[in-house]
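One structure follows; several queries about it will come next.
The values are calculated or read from the model by the stated rules, or taken from the named source; none is laboratory data. Just so you know, these numbers come straight off a predicted model, no measurement behind them. In this analysis, Cβ positions are derived from the backbone assuming ideal geometry, glycine residues included, and neighbour counts consider all displayed protein chains.
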């Protein structure tokens, strides 16, 4: 049954796969979060001008840039650098995980292995801290 | 005849193709999985029992297809691998810790605790072992999936005279002696493993052994039914700076 939506913490997601973004947004909204999905890097930084999210979900494999470049740009910007970012990728390589950690990502999720339930658990775990 | 450089280029093209193909095939299957998860969870409204049962089957098959693609791509990559590839040294401890972090969710799902032991303490292990991460992931996920709730999956890295030993132990269903001999073959799955977890491809340990052989290492298994299993890999000194 669809739960009643409440105004919750704001999550901004950068995901260029429409279908993946849509299903994650739907699930997170059912759980009470307010979610926006940007499909391009330009839209993502535009959204950040309108308001800072409580959490960013960032895909590493994007069409126009890599998620690492986006993360580096976030960390270079004095207004954005403290934002909490969870990165995810369908390639869970150790070197990617290490690089993301060095750039201050608070978690690294494997896109092809994680369920929506697990995604919600991870988001909750970080936002409830 | 193809030159060394041409072969190298072909290897790079093949690897890139496998990576892109894997990503492209997995993406729609993954989205199917997530949408089914929402429907089955009742997130989108009530679902009748018959529809639910049928969709649960679809979800199971979708997960199986995803796992099979992973294993087939790994096995295909094995069959065409070039010889004498220069492998950079990697920090084994760092890689294992990363994998444990990644497997935290799976372990929680199965009610299994993961324990990592390093002997001696402070050991540094730089190893030249291509696909080391894949090997550890495979063994550790088995140690979680074929374990029992409340039990431990233990991963241990030890320095021994002239070699490095990695062992992965579970306290699970175990493997019958007759099955232990066939375990590293292609498409083999033990009867009790199929009953316990129906979705495996029977390629995981074949892939693991092929990688370990490629390192010049050795892999062995010791197991007692319903007591647990330990897989042990020994890596010669020349492949490891310890």
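Tell me, please, whether a residue that is modelled with pLDDT of 95 or more and touching a helix residue (DSSP H, G or I) at 6+ places or on another chain (Cβ under 6 Å) can be found in the range A:92-102. First the steps, then the outcome.
Initially, the range A:92-102 is screened for residues modelled with pLDDT of 95 or more, giving none.
No, that holds for no residue.
If you go through the range B:116-136 one residue at a time, how many are at pLDDT 90 or above and surrounded by 20 or more Cβ atoms within 10 Å (Cβ to Cβ)?
So the answer is 2.
How about the range A:84-120: which of its residues are free of Cβ contacts under 8 Å to residues at least 12 places away in the same chain and in contact with a strand residue (DSSP E or B) (Cβ under 6 Å, 6 or more places away or on another chain)?
First, pick out the residues of the range A:84-120 that are free of Cβ contacts under 8 Å to residues at least 12 places away in the same chain: A:93-95, A:97-98, A:101-102, A:115, A:117-118.
Across the range A:84-120, the qualifying residue is only A:97.
Could you tell me whether the range B:145-156 includes any residue that is in a helix (DSSP H, G or I), touching a helix residue (DSSP H, G or I) at 6+ places or on another chain (Cβ under 7 Å) and buried (at least 17 other Cβ atoms within 10 Å of the Cβ)? Give the derivation first.
Quick first cut of the range B:145-156, residues in a helix (DSSP H, G or I) only: B:145.
Filter once more, so that each one left must be touching a helix residue (DSSP H, G or I) at 6+ places or on another chain (Cβ under 7 Å): B:145.
When the remaining residues are screened for being buried (at least 17 other Cβ atoms within 10 Å of the Cβ), the result is B:145.
Checked against the condition, which is being in a helix (DSSP H, G or I), touching a helix residue (DSSP H, G or I) at 6+ places or on another chain (Cβ under 7 Å) and buried (at least 17 other Cβ atoms within 10 Å of the Cβ), the range B:145-156 yields at least one hit.
Residue B:115: part of a loop (DSSP other than H, G, I, E, B) and touching a strand residue (DSSP E or B) at 6+ places or on another chain (Cβ under 9 Å), yes or no? Full working, then the answer.
Values: part of a loop (DSSP other than H, G, I, E, B): no; touching a strand residue (DSSP E or B) at 6+ places or on another chain (Cβ under 9 Å): yes.
Spelling it out, it is not the case that residue B:115 is part of a loop (DSSP other than H, G, I, E, B) and touching a strand residue (DSSP E or B) at 6+ places or on another chain (Cβ under 9 Å).
What residue, of A:55, A:48, A:60, is closer than 22 Å to residue A:126 by Cα and touching a residue at least 60 places away in the same chain (Cβ under 8 Å)?
Numbers: A:48 fails: touching a residue at least 60 places away in the same chain (Cβ under 8 Å); A:60 fails: touching a residue at least 60 places away in the same chain (Cβ under 8 Å).
Selected residue: A:55, the only one of A:55, A:48, A:60 that is closer than 22 Å to residue A:126 by Cα and touching a residue at least 60 places away in the same chain (Cβ under 8 Å).
So which residues in the range B:7-52 are surrounded by fewer than 13 Cβ atoms within 10 Å (Cβ to Cβ), at pLDDT 90 or above and part of a helix (DSSP H, G or I)?
Scanning the range B:7-52 gives B:49, B:50, B:51.
A further question follows. Check every one of the helices (runs of 4 or more DSSP H) wholly within the range A:1-117 and list those with 3 or more residues that are buried (at least 16 other Cβ atoms within 10 Å of the Cβ) and within 14 Å of another protein chain (Cβ to nearest Cβ). Show your work before the answer.
Working: elements: A:18-30, A:41-50, A:67-76, A:94-102.
Hits in the range A:1-117: A:18-30, A:94-102.
Got a number for residues in the range B:64-104 being assigned to a helix (DSSP H, G or I), modelled with pLDDT of 80 or more and more than 10 Å from chain A (Cβ to nearest Cβ)?
4
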